[in-house]
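Enquirer: For reference, the structure I am asking about is given below.
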Amino acid sequence: MSSPADLADLWAAFPPEPAVEPGEPLWDEPVPLSARRELPLFPAHTLPGWLSDMVAAVAEETQTPVDLAGCLALAALSTAAGGRAVVSVRGRWREPVNLYTAVALPPGNRKSAVFGLMTDPLLAAERALVETSGPARAEAETTAKLAKAAADKAAAKAANAEPGLRDTLTAEAISLAQAAEGIKVPCKPQLVADDVTPESLSTLLAEQDGRISVLSPEGGIFDIIAGRYSGAPNMEVFLKGHAGDMLRVNRQVRDAQYVERPAITMGLAVQPEVLEAIGQIKGAEGRGLLARFLYALPESLVGRRNLTPDLIPEEVADTYTRRLGSLAMHLADWTDPAVLTLSPEADEVLLAYQHVTESRLDKGGSLAGIVKWASKRDGAVARIAGLLHLATHDGAITRPIDAATMAAATELGDYFTAHALQVFDAIAADPAQEAAHQVHAHLTDARLNGGFTKRDLFRQLARGDFPTMADLDPALALLEDHGWIRRQPLPPRAGRGRPPSPRYDAHPRLTHR
């Protein structure tokens, strides 16, 4: 026989239904809106100590989600090492170590400040590379000018020579012209670009020995890919620059450009709606551009920020600047990429991760809905492992990637998987879904027992989310279709004044929580 305490526990498990006022129409069970995923925080502990310390310190001082600094840390490593190392996974499977990352945050989240803190060491390294390469560039330019002048002089001499000497002088002129043509004048080193067209990016790749990085606290590059200047989508260089496929560009106005193994890094921070918009770029999904990005959708801290945060310790900032700059400078001359191998234990970790991925790609699996992105997941983990390895060990090129590093990379792979699922849900979702979620959350917090008018609701919501009252219509219609709200009949009008604002009742589940 149950005790009174047991019965009390049993009844507590079945709370009473919200009360319904006498005469009030009964409500049906509401249909849930599409569920929002609980997204994990960026696992900063997976990064090497000098890097995780900087990520945590930047997030604290700027009062921004750790995801922003964390993703930029990976993009910074990719900028330093992209095109200069590859991971030899198994057999002929090799992965370059360049990444495409995109963090989505609303305006007002200090993206530019975080970008500056995380990328300034790269710009300092770029300036140092320009300075140290100055003498070699000056020597090459002078040598090229002298060789060209000698070739021109020899050609003129051959042209004016007597028939008996013309063949010999012509051969000498040809030899000098070939020598002058073979002198390559190196361009100024450049690690980072921002607002760049696909055509200019191809040129930069050819000039910079096959690698360049696009880092920006804005999403303008997607407008360029969509055809802002050309009128048509142009993503070829971005597709090949991620995969490392040969790039050959022939144009009428300039010499052909050839890059054997292009390596582009992209580190972007965009507004959330930009991620939904890029899904509408013609060919972006079908050709795999969307599948190449590692996405992050952190929760904004605006409205909950500490106004007197701890500042970045000088030692942490100095160590970050020194280690990142050293990595970029050390790898700058490795035009023939270094090959990073896996230890047997690391290979076992990655193989186990591959089995998980494969099992979830089948019909009905949790990754079946994002099969194009998930098919690149294991390769992305191998790339991340290569970057973590380079950032951890001074002699990284001479030792294999270990199991602990690969395990850290798989944890980052799980993080990006969770966020990718949410991004692709948003791209495929009804545009009214997000607005309906916002109104639903507001009604839950407000507990409007007496109902509400559309005009009053509009006044209570942020203008940035709902600029006009008409912007509420899709959200209200969706909530009404799902049974969360119910529109009341309009009362008879008296006179010619402004018509009364539509009035709604809210489901008891919203008002009695």
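FYI, it's all coordinate maths here, none of it is from the lab. Note that the coordinates shown come from a computational prediction; the quantities given were computed from them, not determined experimentally. Methodologically, a virtual Cβ is constructed for each residue, glycine included, from the backbone with ideal geometry; neighbour enumeration extends over all protein chains shown.
Enquirer: Give the order of S326, S78 when sorted by the count of other beta carbons within 10 angstrom, beginning with the fewest.
Expert: Neighbour counts put them in this order, fewest first: S326, S78.
Enquirer: Right, here's the next one. Taking the chain as the reference, fit the longest principal axis to its C-alpha atoms, fit the long axis of helix 344-361 to the helix C-alpha atoms, and give the angle between the two in degrees, 0 to 90, nearest 10.
Expert: 50
Enquirer: Compute the angle between helix 198-207 and the longest alpha-carbon principal axis of the chain, please, reported from 0 to 90 degrees and rounded to the nearest 10.
Expert: 40
Enquirer: While we're here: Output the 0 to 90 degree angle, nearest 10, between the alpha-carbon long axis of helix 49-62 and the longest principal axis computed from the alpha carbons of the chain.
Expert: Between helix and principal axis, roughly 50 degrees.
Enquirer: Using the structure shown, select from K145/K184; K157/K184; K240/K376; K240/K282 the pairs with a Cα to Cα distance greater than 22 angstrom.
Expert: K157/K184
Enquirer: What aspartates and glutamates does K148 reach when the alpha-carbon gap must be under 15 Å and sequence neighbours fewer than 8 apart in one chain are set aside?
Expert: E139, E172, E181
Enquirer: Using +1 at the Cβ of each Lys and Arg and -1 at the Cβ of each Asp and Glu in the range 431-513, identify which of L448, G483, Q438 lies farthest towards the dipole's positive end.
Expert: L448
Enquirer: Now for a separate question. Take every Cα pair under 8 Å in the chain that's 6+ residues apart, average their separations, divide by the length, and report that relative contact order as a whole percent.
Expert: Contact order relative to length: 21 percent.
Enquirer: Please name which of P508, G219, A57 has its Cα lying farthest along the dipole of the chain towards the positive end, using unit charges on Cβ (Lys, Arg +1; Asp, Glu -1) and the Cα centre as origin.
Expert: Toward the positive end, the furthest listed residue is G219.
Enquirer: May I ask you to derive the FRET efficiency for N449 and V302 from their Cβ-Cβ distance with R0 = 35 Å, giving the value to the nearest 0.05?
Expert: 0.75
Enquirer: Over the Cα atoms, compute the radius of gyration (one decimal) and Dmax (the largest Cα-Cα distance, rounded to a whole number) for the chain, in Å.
Expert: Gyration radius and largest Cα-Cα distance of the chain: 30.1, 126 Å.
Enquirer: Which shape class, rounded, prolate or oblate, goes with the range 431-513 when its Cα gyration tensor gives a ≥ b ≥ c as root eigenvalues, a/c under 1.5 marks rounded, and past that a/b bigger than b/c marks prolate?
Expert: Oblate shape, in that a/c is at least 1.5 and b/c is the bigger or equal ratio.
Enquirer: Please rank F458, F293, fewest neighbouring Cβ atoms within 10 Å first, as an exposure proxy.
Expert: The most exposed by this proxy come first: F458, F293.
Enquirer: Would you list W27, W93, W484, W334 from fewest to most Cβ contacts within 10 Å?
Expert: Ordered from fewest to most neighbouring Cβ atoms within 10 Å, W27, W93, W484, W334 come out as W93, W334, W27, W484.
Enquirer: Still on this structure, please answer the following. For the range 40-157, what is the largest minus smallest coordinate of the Cα atoms on each principal axis, given in angstrom and ordered from greatest to least?
Expert: 74, 43, 27
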